[in-house]
Structure formats: structure tokens, C-alpha cells
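**Q** I'd like to ask some things about the structure below.
The values are calculated or read from the model by the stated rules, or taken from the named source; none is laboratory data. No experiment lies behind these values; they were computed from the predicted model shown. Quick reminder, even Gly has a Cβ in these numbers, built from the backbone with ideal geometry, and neighbours come from all protein chains shown. Surface accessibility is based on the protein's heavy atoms, side chains included, excluding ligands, DNA and RNA. Shrake-Rupley method; radii C 1.70, N 1.55, O 1.52, S 1.80 Å.
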Amino acid sequence: MIRNPRRRNEPLDHAELARLLPAPADPRLAADRRRLLEEHLMNEIHRSHPTPTPTPAPAPAPARRPLRRAALIAAPVAAAAALAVVVSLGVSPDTATVAAPRLVKAPVVQIEEGSAVKVTSTVRELAAAATANTTPRPGPGQYIYIKSRVSFMASSFNGDTGESATWVQPLHDREVWRSPDGTKGWLDEPGYQAKGGIALGSGDPLKQLTYTWLAAQPADPDALLKFAYSTAGGTRDRDQQAFNEIGSIIREQLVPSGLAGALYEAAGKIPGVVVVEHAQDASDRDGIALARLDPQTGERSEWIFDRESHQYLGSRGVQIREVNGVKPGTVVERTAIVTRAVVDANKQHPGAGRAKA
């Protein structure tokens, strides 16, 4: 836990919070996880009261204010989403909050070398299977439903001892409903969001993460690859950003069959992509993975596919070289798709009657 010396003009309760709250997480966020975090924070802003409470003048012996609890936000989709950040949310009598989730030590696996030689043949098989697969098409008023099992990372650093540790969320369920145009939806992630879930879709959604945009795209790997690179920016590795962009599209969305195949072919053209013969998703299903090592973070992002059917199973992030105290072999992210379906209403489960709004 990081402890900073209290400045002379800093209120007493800030110093107390610095000692009581969990340490901030590692700021590395894949694009999909960052987007989910931003979306959640915007929802929290909209849910809060617009009238601020005046701050009382400091007293010689102030009463202890209510402590802020930490809510750990992650994406799959993922960040998604990948992908974890600790955010302090104020506690008030009329605001729903979530207690800081229990964290567990991150699992460690033996690192398997990836093969660039098998990329072309593997991508060809994945694309053929995706194209042959028939996916449902959501109609007007319907929603895309994705249920997954997820776990993301939160690193901690002790400023007193200089020791660091890598923690992850325990595996837990995550359910997402999204309208095809992405303007409406719901997220239910018990223990990580307010009870019952939170609304999604406020504001203008990123077009590439909506079914409507995907369904309008030609199944052209070169055009899709060009688009993926157009989203890259900043100082991060452009090849990795393009790979992450495609990953964010396929992770928590219903991708039309032909387009899914073209996305895999586009990913196969990115320099540095390899095939990992054995990778396990969050449900411990062993599959084959398309993967790429981020040269800056030392993390290898893996998209895992069933070895026989070649259908997408989930994702995994494995630390390949030590960066910021995260040891090689540490599994910093795991996801597994449980269900993909089209339902007739927001918050409705597959096979159930129409849900209440």
C-alpha cells in the first residue's frame, strides 16, 4: 500500500484514507478495459446528485467522516477487457455502493513459446470455421446478451517495504446486454457494481463496438486491418494497439460470421502475432491461441479457440517478462464466454420471458 507523507495543508481524513484504502492498481489498461471503466464512471456521474454539499470549515478536532470504499472496476469486454483499476467512490446514505472486492493471488503458469510458423494455417482454419458458423441476427428492439466468467489484475506496492504483489479478482460472472446500436444496455457484475447492475449506453458509443457498425462492414481483412491501425495513437506500440483493437471487438460482442473470419485474418497479418498451442480460458478449457506480446508491458494477450471447432472460447493475459514487479508466468487476466444470445428485452435471460424494464 502506498503511503505518501501528509502535506501540512492536507485534511486529516485524507491521510487516514491513504492508510486504509487498497493500493492503486497497475495503470496498464487495454483499450476495451479503459472504455468500460470510462463508461462506468460516466454512469456514476449521472447517478450522483447534481447539488454539491458545502464543505464545512476545519475544526480543531473534526469528527471522523464516512470512509470511502473502493470499487474495483474491470472490463472484459472485455477489456476487455481486458482489464483492473481501483476507483474511490464516496459513500453517502442515499448512494448505492459496493464494498471493496476480495482479491486473491494471481495464478502462475509455465510459459509456452509461441510459433510464428503456424500463424497462417491456424488463421485459415479459424476463419473457415467462423464463416461456416451461423450467428443470430438481432432485430428491432432486441438485445445482444453475453455472459462470461472473468478475472482481472490489481497490483499493489508497499511504500514502506518496497515490496510488490500481484492480485487478481476471484473468477466471477459478468452479464452484459447491449442494443445493436450500442445506445442502450445493462451490466450486471455482482460484487463489482451496485446491486442489480448499472445502465450502459449513455452517450455516443464507439462505432466499432456496436453490432450495427459491424454488420455494415465488408468482410475484407485488409480494410479491417487498416481500420484497426487507424485507432492507434500515443506512444504505445502501434502493432499491439491494432491487435488489442480487434480483440476488443470480438471479446464481448456478437460478430457476424463472415466478418469474424475476416477479423481473424486481419489479426494474422499483424507483425509479432504467434500461435500458442496450449492456453486455458477462465473455465479451464484448453485451446489453441492467437497471441501477441506487448513489448512495453511484457504481457502476452491470448485469444483462445476450441481445438476442434475453432470457436472463440475466451482470452488470457500472461506476463512473459517482468515489468513493474509482475513476475513472468503470472496470469493477469482470464475470461471465458459462457453464453452468447439474442434476447427480446434488456435484462432478459435466454429462454426466459420478457424482462421488466
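**Q** For the residue pair Ala132 and Val338, what label-to-label distance in nm results when each label sits 7 Å from Cα along the Cα-to-beta-carbon direction?
**A** With each label placed 7 Å out from Cα toward Cβ, I get 3.0 nm.
**Q** Okay, next question. Just subtract the alpha-carbon distance of Leu206 and Thr231 from 0.36 nm times their residue separation and send over the number in nm, one decimal. If you can, show how the numbers build up before the last one.
**A** Values: separation 25, 0.36 × 25 = 9.00 nm, distance 1.11 nm.
Full extension from Leu206 to Thr231 adds 7.9 nm.
**Q** In sequence order, what are the phi-derived ³J(HN,Hα) couplings for region 184-201 according to the Karplus relation 6.51 cos²θ - 1.76 cosθ + 1.60 with θ = phi - 60°, rounded to whole Hz, with x for glycine and proline?
**A** Whole-Hz 3J(HN,Hα) from phi for region 184-201: 9, x, 8, 10, 10, 9, x, x, 10, 9, 4, 4, x, x, 9, 6, 10, x.
**Q** Moving on. What does the convex hull of the Cα atoms come to per residue for region 174-317, in Å³?
**A** Working: hull volume 19.2 nm³, N = 144.
Once divided by residue count, the hull of region 174-317 is 133 Å³.
**Q** Pairs to check: Lys184/Lys226; Lys118/Lys184; Lys105/Lys347; Lys105/Lys195; Lys184/Lys327; Lys269/Lys327. Give those whose C-alpha atoms are more than 31 Å from each other in this structure.
**A** On the way: Lys184/Lys226 28 Å; Lys118/Lys184 40 Å; Lys105/Lys347 33 Å; Lys105/Lys195 26 Å; Lys184/Lys327 40 Å; Lys269/Lys327 29 Å.
Where the Cα-Cα span goes over 31 Å, the pairs concerned are Lys118/Lys184; Lys105/Lys347; Lys184/Lys327.
**Q** Something else now. Quick one: accessible surface of His310, probe radius 1.4 Å, all protein chains present, in square angstrom to the nearest 10.
**A** Ignoring ligands and nucleic acids, His310 comes out at about 40 Å².
**Q** When the Cα centres of region 217-271 and region 290-308 are compared, how far apart do they sit, in Å?
**A** One Cα centre to the other: 14 Å.
**Q** Return the long-range amide H neighbours of Val338 (sequence gap of 5 or more, or a different chain), with a cut-off of under 5 Å between placed amide H atoms.
**A** For Val338, the qualifying residues are Lys147, Ser148, Arg149.
**Q** Quick one: plug the Kirkwood hydrodynamic radius of region 239-357 (C-alpha pairs) into Stokes-Einstein at 25 °C, 0.890 mPa s, and report D in µm²/s.
**A** Here the translational diffusion coefficient equals 158 µm²/s.
**Q** From largest accessible area down, sort Leu206, Leu187; use a 1.4 Å probe on the protein chains.
**A** Working: Leu206 75, Leu187 0 Å².
Final ranking, largest accessible area leading: Leu206, Leu187.
**Q** Can you tell me how much longer the chain between Ala223 and Gln296 gets when fully stretched, taken as 0.36 nm per residue apart minus their C-alpha distance, in nm with one decimal? Please list the in-between numbers first.
**A** On the way: separation 73, 0.36 × 73 = 26.28 nm, distance 2.67 nm.
That works out to 23.6 nm of additional length.
**Q** Here's a follow-up. Please check which bits of region 170-204 a label hung off Arg102 would reach, taking the label as a point 7 Å along Cα-to-C-beta and the cut-off as backbone N under 20 Å.
**A** Of the residues in region 170-204, 170-174, 189-196 have backbone N under 20 Å from the label point off Arg102.
**Q** Relative to the present Cα-Cα distance, how much length would full extension add between Lys184 and Glu125 at 0.36 nm per residue of separation?
**A** Details: separation 59, 0.36 × 59 = 21.24 nm, distance 3.48 nm.
Answer, rounded to one decimal: 17.8 nm.
**Q** In what sequence, largest accessible area first, do Glu175, Glu322, Glu189 appear using a 1.4 Å probe?
**A** Details: Glu175 25, Glu322 95, Glu189 0 Å².
Descending order: Glu322, Glu175, Glu189.
**Q** Quickly work out the Ser257-to-Ala352 label distance, labels modelled 7 Å from Cα along the C-beta direction, and quote it in nm with one decimal.
**A** 2.9 nm
**Q** Which of the trypsin sites (Lys or Arg not before Pro) found in region 127-214 are in a DSSP loop and have at most 15 neighbouring Cβ atoms, other than their own, within 10 Å? Don't skip to the answer; put the middle values down first.
**A** Values: sites: Lys147, Arg149, Arg174, Arg178, Lys184, Lys195, Lys207; in loops: Lys184, Lys195.
Answer in residue order: Lys195.
**Q** Pop out the ³J(HN,Hα) list for region 310-316 in order, Karplus 6.51 cos²θ - 1.76 cosθ + 1.60 with θ = phi - 60°, rounded to Hz; leave Gly and Pro as x.
**A** With the stated coefficients, region 310-316 comes to 6, 7, 5, 9, x, 9, 8 Hz.
**Q** What share of Cα pairs, in percent, lie more than 16 angstrom apart in region 164-228? Present the calculation step by step, with values, prior to reporting the outcome.
**A** Values: 1292 of 2080 pairs.
Tail of the P(r) past 16 Å holds 62 percent of the pairs.
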